[in-house]
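Heads up, the thing below is written out as structure tokens.
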Amino acid sequence: MTARNRTLVLLAALVVLAAVAVASVLHASARADRRNQTQTGGPRVTPGRVTLTGSGRMVFRNMAWGPHRDELTSVPAKDPSGPRTASGVKCLRFYAASGTGVCLRAVHGPVSDTYRAVILDASLHERAHYDVPGIPSRARISPGGRYAAWTAFVGGDSYAGTNFSTRTAIVDTRTGELTPSLEAYRIVKDGRTYHAADVNFWGVTFAPDDRTFYATLGTRGTTYLIRGDLRARTVTTLHTNVECPSLSPDGTRIAFKKRAPGLPKDAPWRLYVMDLRTLRETPLAEYRSVDDQAVWRDDHTLVYALPGDYGADLYTVPADGRGEPRRISTAAVSPAYLR
Amino acid sequence: MYVADSRAGSPRLSASLEQGGHPSAPVSADGAARPRTGRRLSAVAPTVLALGAVSLVTDVSSEMVTAVLPLYLVAGLGLSPLGFGLLDGIYNGFSALVRLAGGHLADRGGGRHKWVAGIGYGVSALCKPLLLVAHTLTPIGLILAADRTGKGLRTAPRDALISLSSTAENRGRAFGVHRAMDTAGALLGPLVAFLILRATVDGYDAVFTVSFCVAVAGVLVLVLFVPGGGQAHEAGDGTRPTLRAALALLRRRDLRRITVCALLLGLATVGDSFVYLLLQRRLGVPDRWFALLPLGTAAAFLLLAVPLGRLADRVGRWRTFLAGHGALLLAYALLLTAGHSAALPYAVLALHGGFYAATDGVLMAAASDGVPRELRSSGLALVQTAQALARFACSLGFGAAWTVWGDRTALTVSTVALAVCAAFSSTLRPNGTDTLRPEGTT
């Protein structure tokens with residue numbers, strides 16, 4: 001083949017490839033229009049005032065298609081599938097307690113997206129914000145509303161890198177003091193100080209005393225439930241195979257996801273509740289793999305998200321292992337109950 | 001810097017293609033016969049520029065995927081990718097075997113470098129559309145492993161092609177140009193992916209499709225513009241490229257010494273992700289910069305690859321290679337100071353990128369001198385594999401040392417080990433002369 005012919009072949013191929021590439025981008029961008037149209041049969045969403053005070057309401061990220069997609073919305077806790085009131089505030093992940101909210105959101109920059117944790121007051125106004133170094137995953141506020149914590153995934157940085165790590169930050173919203181990574185805390189494992197390069201923390205849950213918290217520590221392929229001390233800046237391992245703990249309102253039990261034996265690698269988790277005094281574990285009546293940090297609706301009921309047609313749906317299951325799971329809301333994620 | 005150069009070089013690319021039209025035209029001699037009095041890239045063979053273009057385009061394609069993968073897994077598919085990398089250890093061993101096999105296969109049958117490299121690029125390209133249909137961690141992990149298998153397969157034949165298309169006098173520069181183009185692609189890929197995500201909603205499918213189209217373009221450039229076969233047999237010393245001959249390469253003193261040095265120095269080369277972690281922990285680099293740290297290394301690599309490749313041709317590849325490890329040693333030392341000066345992270349990243357620029361392509365250029373043409377690909381694969389396995393062992397060791405002693409002590413041990421290995425390597429220079437200097441200049 002002459003050079004001229006080679007060049008012609010290449011040019012012809014490039015035209016075809018470019019057409020395919022452009023078509024795929026156009027197809028994906030047309031999705032934006034579809035998602036801005038309200039789905040028939042979906043939940044009714046109307047704009048209105050959403051606050052983090054008062055009780056008997058559930059605030060969450062609305063994932064239903066339409067103009068209020070991804071906004072914080074509220075529904076009566078007793079009627080979670082009822083009409084939604086949309087706030088206009090967009091978040092990827094959210095939690096709230098005692099009039100303080102934490103909203104993890106994307107910030108669109110010129111050459112890349114970054115993420116930010118925004119502390120919200122009771123009227124959903126921004127009080128402070130902090131940089132989040134990766135893709136937001138979990139968010140929590142302490143029961144009294146003083147401390148906020150969030151977890152982000154930080155991706156691999158090598159060719160087709162498959163190593164991921166997590167960063168978990170805690171902030172005192174009263175003083176603004178930020179601990180960007182829990183890795184700064186001293187780890188006490190089996191009574192001794194523990195160091196490792198592969199330490200990861202995720203899924204913080206706070207006790208009401210403004211000092212104690214629980215979280216997951218992952219290292220060397222094992223996950224541990226840890227109890228943290230905000231004043232002493234230490235974390236102590238308590239138990240193995242516990243992820244994304246969630247402390248019950250009465251402070252006696254932890255709901256968590258556990259890698260149960262014999263499950264496929266892609267869906268390895270079951271929901272459990274553990275009594276913190278006896279460390280006795282109770283499997284819950286949800287037989288699907290749950291990858292979420294569950295929320296306690298009250299001392300007897302858990303709420304969690306499972307993948308759904310529009311991202312995620314919310315389900316509820318009794319905390320004592322009896323009963324059965326029930327879907328309470330479609331196209332919703334990151335619920336917080338206002339008490 | 002490189003972009004302008006490559007543009008200046010492109011008329012030559014097309015000029016040489018006319019010659020490439022005659023199957024008998026000896027491409028490597030073509031590079032050597034070119035008068036070397038011209039501007040900077042004048043001595044770089046068109047095949048090297050074509051391979052550089054292939055690498056650039058392929059890196060755009062693969063880095064697009066790498067850049068969106070975490071977001072795709074977490075936000076797009078709702079998966080928890082922690083522990084996703086647990087099989088990396090097993091995979092590294094397999095990847096080493098693939099690399100050796102690729103190197104050897106390319107040498108057999110009188111030089112099938114182009115076709116073995118082409119299969120490698122092709123496998124990686126075919127992995128991209130598969131990502132569109134895989135929605136759980138295990139298949140995605142397998143696709144990424146196949147993608148990297150393609151990379152393992154093509155690396156040695158491609159480097160052998162670069163080596164065979166350049167002369168002993170300009171080999172450092174040829175590898176420098178190639179590595180600069182390769183790195184430019186790696187820097188562009190994430191940008192392209194981001195622009196697509198910005199223009200779409202959850203446009204991961206578009207990113208994978210575009211990545212596939214770009215990868216196919218890379219394969220086409222290879223097939224159309226890289227001459228295949230036959231080069232290895234010109235002016236070789238008649239060694240038949242059998243498996244036994246490939247293994248016997250280690251009996252050649254020069255190659256053995258280079259392999260041993262690459263292995264030793266690799267054992268003291270802390271993995272990139274550790275370097276970035278240390279930058280953050282010891283020099284207080286804020287979290288929000290974390291994702292940008294690899295770009296710092298890549299930018300320095302891109303800027304320095306050509307100048308250091310040229311330097312290697314002039315003052316000796318061995319010296320440049322050792323000096324590169326000196327830069328790494330300095331980077332470790334800066335990390336050990338744990339100072340909080342604002343300039344320190346930049347200095348570490350510049351040294352880290354400089355280390356790659358002075359060692360990555362330069363090592364291949366250096367190793368080329370000790371390997372006959374018929375076995376070039378096998379020989380380069382041998383050196384690369386020794387280095388890759390040593391670096392992997394170092395990562396395991398470093399992680400363990402961190403667990404037992406903490407990051408500071410682990411880094412101190414690595415620094416001392418690197419200094420000792422570098423000192424030892426510098427004594428391995430045969431007969432006190434720089435034998436890795438281009439032939440005919442010693």
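Readers should treat all values here as calculations from the given coordinates under stated rules, not as data from a laboratory. All figures in this text were calculated on a predicted structure; none of them were measured in a lab. A quick note on method: Cβ atoms are made from the backbone with ideal geometry, for glycine too, and the neighbour counts reach across all protein chains shown.
Computed on segment A:151-253, with alpha-carbon pairs under 8 angstrom and 6+ residues apart, the relative contact order is 20 percent. In this structure, A:THR114 and B:THR412 have a Cβ-Cβ separation that, at R0 = 35 Å, corresponds to a calculated FRET efficiency of about 0.55. Under the convention that each Lys and Arg Cβ holds +1 and each Asp and Glu Cβ holds -1, the size of the dipole of segment A:201-339 around its Cα centre is about 380 debye.
Just checking the output field for A:104-112: average partner chain Cβ neighbours within 10 Å of each residue's Cβ? Mind showing how you got there, number by number?
On the way: counts 0, 0, 2, 0, 3, 2, 2, 6, 9.
Across A:104-112, the average partner-chain Cβ count within 10 Å equals 3.
When only the Cβ of Lys, Arg, Asp and Glu is charged (+1, +1, -1, -1), the dipole of the protein assembly as shown relative to its Cα centre reaches about 700 debye.
Peptide B:417-425 has a mean shielding of 0, counted as Cβ atoms of other protein chains within 10 Å of each residue's Cβ. For A:VAL132, the residues 5 or more places off, or on other chains, whose built amide H falls under 5 Å of its own are A:TYR115, A:ARG116, A:ALA117. Between B:TYR346 and B:LEU77, the contour length at 0.36 nm per residue exceeds the alpha carbon distance by 93.3 nm.
Residue by residue, segment B:291-297 carries 3J(HN,Hα) couplings of 5, 8, 4, x, 5, x, 4 Hz when phi is fed to the Karplus relation 6.51 cos²θ - 1.76 cosθ + 1.60 (θ = phi - 60°); x denotes Gly or Pro. Dipole magnitude for segment A:47-338: about 240 debye, using +1 per Lys or Arg Cβ and -1 per Asp or Glu Cβ, origin at the Cα centre. Once the mean of 1/r is taken over each pair of separate Cα atoms and inverted, chain A shows a Kirkwood hydrodynamic radius of 21.5 Å. Here each label is just a point 7 Å from Cα along the line to Cβ, and for B:ALA333 and A:ARG220 those points are 3.5 nm apart.
Classify the protein assembly as shown: rounded, prolate or oblate, from the alpha-carbon gyration tensor (a ≥ b ≥ c, eigenvalue square roots; a/c under 1.5 rounded; otherwise prolate if a/b is larger than b/c)? Prolate, because a/c is 1.5 or more and a/b exceeds b/c.
Unpaired cysteine residues in chain A (no second Cys Cβ under 4.7 Å): A:CYS244.
Since only A:ALA305, A:THR240, A:GLN293 are under comparison, the one whose Cα sits farthest along the positive direction of the charge dipole of segment A:234-339, derived from C-beta charges on Lys, Arg, Asp and Glu, is A:THR240.
Comparing Cα centroids, segment B:186-220 and segment B:284-300 end up 22 angstrom apart.
Look at the stretch B:194-201: the mean tally of other chain Cβ atoms within 10 Å of its residues' Cβ atoms is 6. The Cα-based radius of gyration and maximum Cα-Cα distance (Dmax) for segment A:234-279 are 11.8, 35 Å. From least to most packed, judged by other beta carbons within 10 angstrom and beginning with the fewest, B:ILE196, B:ILE258 follow the order B:ILE196, B:ILE258.
Put simply, when A:324-337, A:231-244 are sorted by average Cβ atoms within 10 angstrom per residue, most first, you get A:324-337, A:231-244.
Taking the empirical scaling 2.2 N^0.38 Å for compact globular proteins as reference, segment A:156-283 has a Cα radius of gyration ratio of 1.09.
Projected label points at A:ARG233 and A:LEU14, each 7 Å from Cα along the beta carbon direction, are separated by 5.6 nanometres. Once the Cα-Cα distance is subtracted from the 0.36 nm per residue extended length, the A:ARG288 to A:ASP250 segment shows a gain of 11.0 nm.
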